[in-house]
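Structure, as structure tokens:
Rule-based calculations on the coordinates, nothing more; no lab input. Nothing here was measured: the structure is a model prediction, and the numbers come from that model. Methodologically, a virtual Cβ is constructed for each residue, glycine included, from the backbone with ideal geometry; neighbour enumeration extends over all protein chains shown.
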Amino acid sequence: MYNIIRHSHSGLMWLIIVMLVISVIVSLIAMFKKQETPTPFSKVIFQTTKWMVYLQFVMGVALLFLSSKVHYETGFMKSGTLRFYGMEHPLLMLVATGLMAMGLYFAKRKPTSFKKNRSIVVYFSIALIIIVMMVPWNTVLA
């Protein structure tokens, strides 16, 4: 069970990074073309990205309880690895998930298409940067 969730979590990470990049590019194109209405393609891209990130977050929470890399014991903050997997990674991934959701929420309430797309570009870009920074690349690429 643990290995299935761990490998799914790692594999879905690549899809999420690609989907966030595609979402930012689609929003930038729509922003500069000054499209008045969002295309069905862009709606599908944004919603798919959102639900993939939510699924990834749920799998990450499950891994918090199942992983041998997370030990909440006295002095776990002194160990860089335990602190990263037990606090830094989950906290900042929660922030990235929240930023992405906020970007979509704020985009719905903007009056013009330019402002909607700008909101998505800003929030999705910040979420993408946080996600890329908090991926444990030494274990992913090993």
Give me Rg/Rg_expected for the chain, where Rg uses Cα atoms only and Rg_expected = 2.2 N^0.38 Å with N residues.
1.17
Counting only DSSP loop positions in region 11-93, the GluC sites (Glu not before Pro) whose Cβ has at most 15 other Cβ atoms within 10 Å are GLU36, GLU73
Lys and Arg at +1, Asp and Glu at -1: neighbours of LYS33 with Cβ under 15 Å from its Cβ sum to +3
Region 27-127: chymotrypsin sites (Phe, Trp or Tyr not before Pro) falling in loop per DSSP and having at most 14 other Cβ within 10 Å:
TYR72
If each K or R counts +1 and each D or E counts -1, the residues other than ARG109 whose Cβ falls under 11 Å of its Cβ total +4
Just to check, using Stokes-Einstein with a Kirkwood Rh over alpha carbon pairs, what's the diffusion coefficient of region 1-65 at 20 °C and 1.002 mPa s in µm²/s?
164 µm²/s
Hey, got a sec? Which trypsin sites (Lys or Arg not before Pro) in region 1-61 land in a DSSP loop and have at most 14 other Cβ atoms within 10 Å?
LYS34
Based solely on its DSSP helices, what 222 nm [θ] is calculated for the chain when runs of n ≥ 4 H residues each add -39,500 (n - 2.57) and the sum is averaged over all residues, nearest 500 deg cm²/dmol?
-26500 deg cm²/dmol
Net charge near THR81, counting Lys/Arg +1 and Asp/Glu -1 over other residues with Cβ under 14 Å of its Cβ?
+1
Residue (of TYR72, TYR54, SER27) at the positive-pole extreme of region 14-128, dipole from beta-carbon charges:
SER27
Run the numbers for VAL18 and SER67: contour at 0.36 nm per residue of separation, minus the present Cα-Cα distance, in nm.
15.0 nm
Let me know the charge dipole size of the chain about its Cα centre in debye, to the nearest 20, where only the beta-carbon of Lys, Arg (+1) and Asp, Glu (-1) is charged.
580 debye
Rank PHE114, ILE130, SER8 by how far each Cα sits towards the positive end of the charge dipole of region 2-140 (+1 on Lys, Arg Cβ; -1 on Asp, Glu Cβ) and give me just the farthest.
PHE114
How many Lys pairs in region 2-140 lie less than 28 angstrom apart by Cα atoms, where the lysines are 8 or more positions apart or on different chains?
23
